[in-house]
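See below for the structure under consideration.
The values are calculated or read from the model by the stated rules, or taken from the named source; none is laboratory data. Just so it is clear, the structure is predicted and the values come from calculations on it, not from any experiment. Note: ideal-geometry Cβ built from the backbone for every residue, glycine included; neighbour counts use all protein chains shown.
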Amino acid sequence: MKRKITQQLLDWKNKAQGRCALFIDGARRSGKTFAVVDFAKHNYKSSILIDFNEVGDDVKSIFNMNLRDMDDFFMYLSNVYGTKLHERNSLIIFDEVQLFPRARAAIKFLVADGRYDYIETGSLVSIHENVKDIVIPSEERHIRLHPMDFEEFLWAMGEEQLMEYIRICFDKKKSMGPLVHRRAMTLFRQYLIIGGMPQVVANYVDTKDFRSADLIKRDILKLYRSDIEKHAKGYEKKVADIFDQIPPQLAKHEKKFILSSLSAGARFRTYESSFLWLQDSMIVNVCYNTREPNTGLKLNRDSSTFKMYMGDTGLLVSHSFDENDIVSEELYKKLLLGKLEVNEGMIFENVVAQMLVAGGHKLYFYSKSSRNDSESRMEIDFLLAKSKVTNRHNISAVEVKSGKNYTISSLKKFRQKFSDRLDQSYVLHTEDLKVTGDIVYLPVYMTGCL
């Protein structure tokens with residue numbers, strides 16, 4: 001299971017040279033532990049994995065009692081785990097470190113000692129109970145691990161070369177050709193169904209069985225529900241209600257999250273902590289409305305108007321349909337063939353959001369409603385800001401279309417109104433690449449190239 005984060009880990013090792021620890025944040029089951037253990041195996045002489053989901057008081061006491069004497073600390077650790085530590089050539093991994101905040105606080109002293117490298121992994125790292133009574137170490141670099149993107153999925157499927165050709169066609173703005181496009185779309189539809197959780201992908205690679213993969217996805221969804229019950233203390237019901245509302249909210253024509261779906265007269269301030277909990281857990285990706293499509297999208301963000309996507313589209317599919325639907329409606333077969341009558345639009349938009357986030361983008365959309373003026377009424381699915389700001393033309397507009405017959409009236413109105421601000425205009429669809437006027441129509445699997 002080749003992951004792109006491996007290169008980030010290697011860059012950190014070579015550049016930091018023990019001067020800072022690395023903290024990897026990610027949703028549960030996104031593959032943090034596997035990625036780090038695999039990295040340690042190929043880049044260090046030895047490593048120790050301390051899984052705080054399993055350790056007992058004997059290991060915890062080492063952190064509580066021995067940090068003042070580093071020689072004793074490492075001696076105890078080495079003997080408990082039966083591993084010889086080599087100065088500047090051993091990695092110590094704190095897995096699920098949020099379960100024992102004392103270990104995270106110890107990073108300050110361990111990095112200062114300088115003998116070994118340290119990687120921490122965790123989820124829900126910002127909620128109060130996981131940072132209570134500790135000072136977050138400044139000697140900690142923070143990166144995020146998302147579910148596998150489409151390219152990583154292709155690697156797992158043994159398709160090492162396809163993404164290179166996709167990039168070439170994107171850069172040259174030329175079509176893929178009917179045969180390669182059909183093959184790429186077939187693989188992309190498999191990615192839609194399976195998603196990017198490594199355990200699910202590994203099962204599918206071995207079995208090519210959608211139903212077997214679905215069982216694992218449902219286990220992950222149960223794990224998320226269990227985390228909500230355990231850790232969203234005081235507002236677990238509100239978080240669970242929001243979690244259950246994600247599919248029906250995305251199934252609407254306008255996918256903005258409507259608070260009244262949670263309770264009559266609901267106010268954003270009442271549910272704000274619950275939304276933030278889900279966002280912090282990385283179970284969801286939140287896309288905010290921006291009042292002005294201009295440089296500094298965040299400055300014009302309307303925090304109370306947003307769309308909420310699942311962090312993994314494969315999980316969304318299993319979250320949206322119960323087991324009986326899968327059997328009776330042959331859901332997966334219809335998705336694979338592009339013949340799902342309903343809800344395909346929400347699945348495509350969700351996967352685009354997932355791929356944009358994996359590519360380092362913040363999610364923003366533009367929505368303007370007007371009962372009286374149809375020309376000012378429009379909605380653009382995603383807005384992307386250029387990495388290098390210029391005097392004009394800093395924003396790209398992205399529309400997502402899952403069907404073959406569609407209109408782009410909102411995009412045309414948006415282009416006319418904000419022509420001085422627009423850089424590129426993209427329509428992501430299921431057909432091959434084409435350029436019509438100033439609009440680039442991309443096959444949806446090219447999202448990762450944006």
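Here are ASN43, ASN53, ASN64: which of them is surrounded by fewer than 16 Cβ atoms within 10 Å (Cβ to Cβ), touching a Lys or Arg at 6+ places or on another chain (Cβ under 9 Å) and over 16 Å from ARG115 (Cβ atoms)? Just a single option satisfies the conditions, and that option is ASN64.
Sub-7 Å Cβ pairs linking a first residue in the range 302-316 that is closer than 14 Å to ILE258 by Cα to a second residue that is of a type in the set (Gly, Ala, Ser) and modelled with pLDDT of 95 or more, at least 6 apart or interchain, are TYR309/ALA353, ordered by first then second residue.
With respect to (1) under 26 Å from GLY345 (Cβ atoms); (2) without any contact (Cβ under 8 Å) to a residue 60 or more places away in the chain, the lone exception for LYS237 is condition (1).
Of the residues MET70, MET1, only one is modelled with pLDDT under 95, under 25 Å from LEU145 (Cβ atoms) and either out of contact with any strand residue (DSSP E or B) (no Cβ under 8 Å at 6 or more places or on another chain) or among the small types (Gly, Ala, Ser) (or both); which?
Working: MET70 fails: under 25 Å from LEU145 (Cβ atoms).
Only one candidate qualifies: MET1.
Considering ALA232, ALA202, ALA213, ALA251, the condition of being modelled with pLDDT under 95 and more than 29 Å from HIS429 (Cβ to Cβ) is satisfied by ALA232 alone. Among the residues of the range 394-432, those that are in contact with a strand residue (DSSP E or B) (Cβ under 9 Å, 6 or more places away or on another chain), hydroxyl-bearing (Ser, Thr, Tyr) and more than 13 Å from MET378 (Cα to Cα) comprise SER396, SER402, TYR406, SER425, TYR426, THR430. Out of curiosity, is THR6 within 30 Å of VAL200 (Cβ to Cβ) and in contact with a His (Cβ under 9 Å, 6 or more places away or on another chain)? Judged against the criteria, THR6 is a match.
Scanning the range 292-349 for residues that are outside any helix (DSSP H, G or I), buried (at least 17 other Cβ atoms within 10 Å of the Cβ) and at pLDDT below 75 yields LEU340, ASN343.
Residues in the range 11-67 that are farther than 30 Å from VAL284 by Cα, part of a loop (DSSP other than H, G, I, E, B), touching a strand residue (DSSP E or B) at 6+ places or on another chain (Cβ under 8 Å) and not charged (D, E, K, R): GLY18, TYR44. Among residues belonging to the range 107-136 that are in a loop (DSSP other than H, G, I, E, B), small (Gly, Ala, Ser) and under 20 Å from the mean Cα position of the chain (by Cα), point out the one that is modelled with the lowest pLDDT. The qualifying residue modelled with the lowest pLDDT is SER126. Of the set (1) surrounded by fewer than 19 Cβ atoms within 10 Å (Cβ to Cβ); (2) out of contact with any Leu (no Cβ under 9 Å at 6 or more places or on another chain); (3) not in a loop (DSSP other than H, G, I, E, B), all apply to ASN289 but (1).
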